[in-house]
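The values are calculated or read from the model by the stated rules, or taken from the named source; none is laboratory data. Being a predicted model, the structure only gives us computed values, none of them experimental. Glycine also receives a Cβ, built like all others from the backbone with ideal geometry; neighbour counts cover every protein chain displayed.
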């Protein structure tokens, strides 16, 4: 009885193994056949696509060759669009729309599978058709973070006014999309974002945190057209906005900002004074050297520190000012000046016990300044 049971068990296991083998073998054959069929269709479509681009056949001819093989044609179209510019790109976009590829991806933006929505959002960014922006904006609120980020990147690639405005607006909602990622996308668009940023900074309808990010973004983009607005912000009662605006002005390094910076060296807020000291060094405002010397006697440590560090950027003039401060009666100034002069002695050279900045015909060595913290960060 046991022997019969074992024999039947072996037969069952063998039958299952045979079925599995046949199934896998059949699937592999079917997959190979499908791959070969796709390759043959690709080999038929590719010459027709090239012929269309060089003008040998019409869009109707291309549509006829492709037929229902959109899944094979679209990767080819996408690859070409990544490299084409000008009239060739416009021509290929006309073919993509005639084939219904843009409409297909717009439908896929509402697919149940998030991966399908994500892929559709990516492709629409490559097509970069402005008419697709409203649907991509909706995906900024997709339940999947991956889809939201891809939609944001695609909006950046399209770069239309509506797309840019949507990206700037999303800075107000960090719970939907990681703010640094949005900033990265917006920064890559450079001069295109001036209008929406001005609108955000001028409007009372945006959160303070979003406005601070917008000010930082203006500085990162070094947008000269925003200087007047930054100068207006310097008159704000919001201390943090003023500090961020000074930092942005320092990055832009515009000569017309000199007076505004110098007006802030005696601000009642030590954070503002500290950032103003840093800006004097960044903009190399020579008439600001006396204020830097005065700043080394400030009651706030970070103002003194930023003032001393800023003096280093003025080479010989700064060295002379530091030497004078070291010999003064003020203990705060003496301490800061002594520290900076000690560093200059290590990075420059010493003559008769006095540190001297390297001359133009001597090897230049960079001085690694201490961080300008906490007013404005280290850069």
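A few points about this structure:
- Entry remark, the range 64-98: residues being touching a residue at least 24 places away in the same chain (Cβ under 8 Å), under 11 Å from residue 45 (Cβ atoms) and either over 30 Å from the mean Cα position of the chain (by Cα) or outside any helix (DSSP H, G or I) (or both) number 5 in total.
- Taking the listed residues 287, 342, the one that is surrounded by fewer than 14 Cβ atoms within 10 Å (Cβ to Cβ), at pLDDT below 85 and either more than 23 Å from residue 219 (Cα to Cα) or in contact with a strand residue (DSSP E or B) (Cβ under 7 Å, 6 or more places away or on another chain) (or both) is 342, with no other qualifying.
- Among the candidates 36, 60, residue that is loosely packed, with under 12 Cβ neighbours inside 10 Å, at pLDDT 85 or above, under 30 Å from residue 100 (Cβ atoms) and out of contact with any helix residue (DSSP H, G or I) (no Cβ under 7 Å at 6 or more places or on another chain): 60
- Screening residue 228 against (1) surrounded by 14 or more Cβ atoms within 10 Å (Cβ to Cβ); (2) in a helix (DSSP H, G or I) leaves a single unmet condition, (1).
- Where residue 242 falls short, out of the listed (1) farther than 20 Å from residue 141 by Cα; (2) under 16 Å from the mean Cα position of the chain (by Cα); (3) buried (at least 20 other Cβ atoms within 10 Å of the Cβ): (2)
- Selected residue (criterion: surrounded by the most Cβ atoms within 10 Å (Cβ to Cβ)) from residues of the range 142-159 that are in contact with a helix residue (DSSP H, G or I) (Cβ under 7 Å, 6 or more places away or on another chain), in a loop (DSSP other than H, G, I, E, B) and at negative phi: 142
- Count of residues meeting criterion [surrounded by fewer than 20 Cβ atoms within 10 Å (Cβ to Cβ) and over 18 Å from residue 329 (Cα atoms)] in the range 301-318: 4
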